[in-house]
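The values are calculated or read from the model by the stated rules, or taken from the named source; none is laboratory data. Being a predicted model, the structure only gives us computed values, none of them experimental. For neighbour counting, all protein chains shown are included, and Cβ atoms are generated from backbone atoms with ideal geometry for every residue, glycine included.
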Amino acid sequence: MRVGAACVAALVYPALWMTATNGQTVGKRLLGLRVIRLDGLRITFVRAVWRESVLKIGLVDLPGLLGGPGSSARAISDALWVVDVLWSVPHPRNRMLHDLGAGTRVILEPGVRQ
């Protein structure tokens, strides 16, 4: 029961935060980044939950929960995370796999220096 509640909280809390702050978590705000939909509109709660689900369940947390350190599940989880990050390098808009899955992209706020 506690694991299920923790999993729901790990998906819902960031999604609530992102929709309440127009696509920014604390880290994204500090870096001048924002998550938006592909059409340029603000991210919805449902889309934010889906983005978190693809990121956390599919790429990071679930495989890691199935096996501890040194397990093959953990190794697969780590490899998927690396693929997610590296996928963005050649992508024209630097979209990661979880952005592709959710129909979102991360933008640099206007006026923020690179």
(message) Could you tell me how many of the residues in the stretch 1-29 are of a type in the set (A, V, I, L, M, F, W, C), under 25 Å from Glu109 (Cα atoms) and free of Cβ contacts under 8 Å to residues at least 24 places away in the same chain?
(response) 3
(request) Kindly indicate whether Leu11 is in contact with a Lys or Arg (Cβ under 8 Å, 6 or more places away or on another chain), in a helix (DSSP H, G or I) and crowded, with 17+ Cβ neighbours inside 10 Å. (result) yes
(request) Name, by its number, the condition in (1) in contact (Cβ under 8 Å) with a residue 40 or more places away in the chain; (2) within 15 Å of the chain's Cα centre (by Cα) that does not hold for Gly32. (result) (2)
(message) Quick check on my filter: what residues within the stretch 1-25 are among the β-branched types (Val, Ile, Thr) and under 14 Å from the mean Cα position of the chain (by Cα)?
(response) Val12, Thr19, Thr25
(request) Can you tell me which residue among Gly68, Gly58, Gly101 is assigned to a helix (DSSP H, G or I) and at pLDDT below 70? (result) Gly58
(message) Pairs please, first residue from the stretch 66-95 and closer than 19 Å to Glu52 by Cβ, second anywhere and among the aromatic types (Phe, Trp, Tyr) and at pLDDT 70 or above, Cβ atoms under 9 Å, 6+ apart in sequence or on different chains.
(response) Arg95/Trp87
(request) With respect to Arg51, determine if the residue is farther than 18 Å from Asp84 by Cα and basic (Lys, Arg). (result) no
(message) Just the residues that are surrounded by 15 or more Cβ atoms within 10 Å (Cβ to Cβ) and touching a residue at least 60 places away in the same chain (Cβ under 8 Å), please, taken from the stretch 35-55.
(response) Val35, Ile36, Arg37, Ile43
(request) Scan the stretch 72-93 and give yes if some residue there is at pLDDT 80 or above, surrounded by 13 or more Cβ atoms within 10 Å (Cβ to Cβ), of a type in the set (A, V, I, L, M) and not in a loop (DSSP other than H, G, I, E, B), otherwise no. (result) no
